[in-house]
Structure formats: C-alpha cells, structure tokens
1. Could I have the simple spin-label model distance between L222 and Q187, label points 7 Å from Cα toward Cβ, reported in nm to one decimal?
2. Expected output is a single nm value to one decimal: the length gained when fully extending between Q86 and L198, i.e. 0.36 nm times separation in residues minus the C-alpha distance. What is it?
3. What is the calculated FRET efficiency for R140 to D107, with r their C-beta to C-beta distance and R₀ = 30 Å, to the nearest 0.05?
4. Hey, with R₀ at 22 Å, roughly what FRET efficiency would E174 and C213 work out to, going by the Cβ-Cβ distance, to 0.05?
5. To the nearest 20 Debye, how big is the dipole of the chain about its Cα centre, given +1 on the beta carbon of each Lys and Arg and -1 on that of each Asp and Glu?
6. Charges only on Cβ, +1 for Lys and Arg, -1 for Asp and Glu: so what's the dipole of region 100-169 about the Cα centre, in debye to the nearest 20?
7. Residue separation times 0.36 nm, minus the C-alpha to C-alpha distance between E127 and L70: what's the value?
8. Select from I138, S193, G100 the residue farthest towards the positive end of the dipole of the chain; place +1 on Cβ of Lys and Arg, -1 on Cβ of Asp and Glu, and compute about the Cα centre.
Amino acid sequence: MTASFRRALGQRFNPAGILFTVSVALRQPHLFLPHLSVRDMRSIDWAALRQVGFRGVVLDKDNTLTAPYLRSLWPPLADSLRECVQAFPGQVAVFSNSAGLREYDPDGSEARALEESIEGIHVIRHEAKKPAGSAEEIERVFGCPTSQLVMVGDRYFTDVVYGNKNGFLTILTEPLCLSKEPFVVQQVRKFESFLVSLWNRKRLKPVEHPLRCEAVKCVKDLV
Ligand SMILES: [Mg+2]
C-alpha cells in the first residue's frame with residue numbers, strides 16, 4: 001500500500017483514534033471542552049496572548065489553517081497568521097495528523113512542502129496521531145512547558161482532547177470549508193457536536209488552565 005493511499009484512508013477512518021476517543025469520553029468528558037471557542041484565527045489577538053504570558057502557538061492544519069488536504073493558506077487568514085508570526089517569532093508550528101505525521105509522511109515531504117508554501121511556520125515531525133501521544137516533542141521544539149502554549153484547531157476529538165490532556169490552552173475554531181471534507185469526517189463532526197452539547201447542558205467545565213482568565217480577554221467573536 002502506498003504512503004499516499006494509506007494517508008488518504010487514515011485521515012478518513014481512524015479506528016484506533018475512535019477507540020481512544022470513546023474511552024476518554026466515558027472517563028474524562030471534560031477533556032473534550034475547549035477553553036475558548038471562536039469563529040477562526042482572525043478572532044484571536046496574538047499580540048495580547050503574548051503579553052499575558054504565552055510563548056508559542058501550535059496550529060492544526062486541515063480546516064484550521066488550510067482547506068482540507070491542501071497545502072496553501074486559506075487566503076482570508078493571511079493577515080492573522082502574519083500577526084501571529086510577528087507576536088511569536090520562530091514559535092509558531094503546525095501539528096497535523098497529515099503533514100509531519102511519520103505514518104503518512106515518512107520522508108517529511110508533505111511537511112517540507114507546507115513549510116515552503118506558508119511562510120513563518122515550522123511543521124512538527126511526530127509519531128503519534130492526535131489525540132494520542134504526549135507533548136514531549138512539542139516541548140522540545142518550543143523550549144517551554146505546554147501550559148505556555150496555545151493549541152488551535154477545529155476538532156473536539158483530536159485537537160481539543162490532545163491539547164487539554166497535555167496542558168495547552170485550547171482554542172476551538174469553526175471549520176473553514178465543510179464542502180471539501182469527506183462524508184465520514186462530516187458525520188463524526190456532527191457526533192462530536194452532539195456529545196459536546198450534551199455535556200454543556202450538564203454544565204461540565206473545561207480542565208483548569210492557569211492563564212484562561214487572561215486569555216478570554218485576548219479573543220473576540222466567542223461562539
Ligand atoms: Mg483540522
């Protein structure tokens with residue numbers, strides 16, 4: 001099986017990830033709740049986040065920074081990404097379940113192509129698929145604890161769970177482009193929203209984060 005075929009299949013159907021997610025949902029549902037939810041990256045004041053003590057930003061790729069499975073930045077986000085890179089010079093990275101994940105990008109060619117396409121970002125090469133895995137590689141890259149890092153992504157089951165269980169401040173964004181997303185992912189997304197709405201009705205709270213109160217003042221268009 002070629003790497004590109006496995007990558008395409010794995011991005012659409014991830015049984016190990018589903019099992020992991022179900023077990024987390026049963027035991028620790030609060031891990032699914034982001035600290036903040038916004039429309040997209042344009043709602044985040046990056047310079048303000050830097051001022052209140054954050055040291056770096058970790059971005060998901062598909063439907064957070066780019067349209068699904070494309071390498072180019074979603075054009076309306078250009079100004080926001082530039083402000084992000086200016087606020088956190090050398091400390092903005094992509095952590096994706098496609099580019100940079102050794103299972104689907106074994107020679108790092110996708111990661112390199114993304115770095116060449118989007119100026120100012122580094123793509124983290126890693127072994128484990130979100131939400132599994134620790135943040136040791138990320139802490140090594142950034143040189144600070146994850147409590148000083150922001151994780152931004154569009155999926156509860158991957159970006160938010162991974163970020164929360166590893167101590168990041170988690171910011172959920174709305175997906176950029178649903179029409180290009182595979183049917184299976186759209187269904188999983190609906191299931192995620194259903195579960196989270198249940199937990200919200202039960203007034204479940206996100207995990208504690210030492211800078212959450214300061215971070216609330218650094219975003220607009222909360223959803
Ligand atoms: Mg995504």
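1. The modelled label-to-label distance comes out at 3.5 nm.
2. Gain on extension, Q86 to L198, equals 36.5 nm.
3. So, using R0 = 30 Å, E works out to roughly 0.90.
4. Taking R0 as 22 Å, the efficiency between E174 and C213 is 0.40.
5. Dipole size: approximately 760 debye.
6. It works out to roughly 300 debye.
7. Difference between extended and current length: 18.4 nm.
8. Toward the positive end, the furthest listed residue is S193.
Only the coordinates and a few stated rules stand behind these numbers; no lab work does. On a predicted model such as this, the values are computed, not experimentally measured, just so you know. Backbone-built Cβ (ideal geometry, glycine too); neighbour counts: all protein chains shown.
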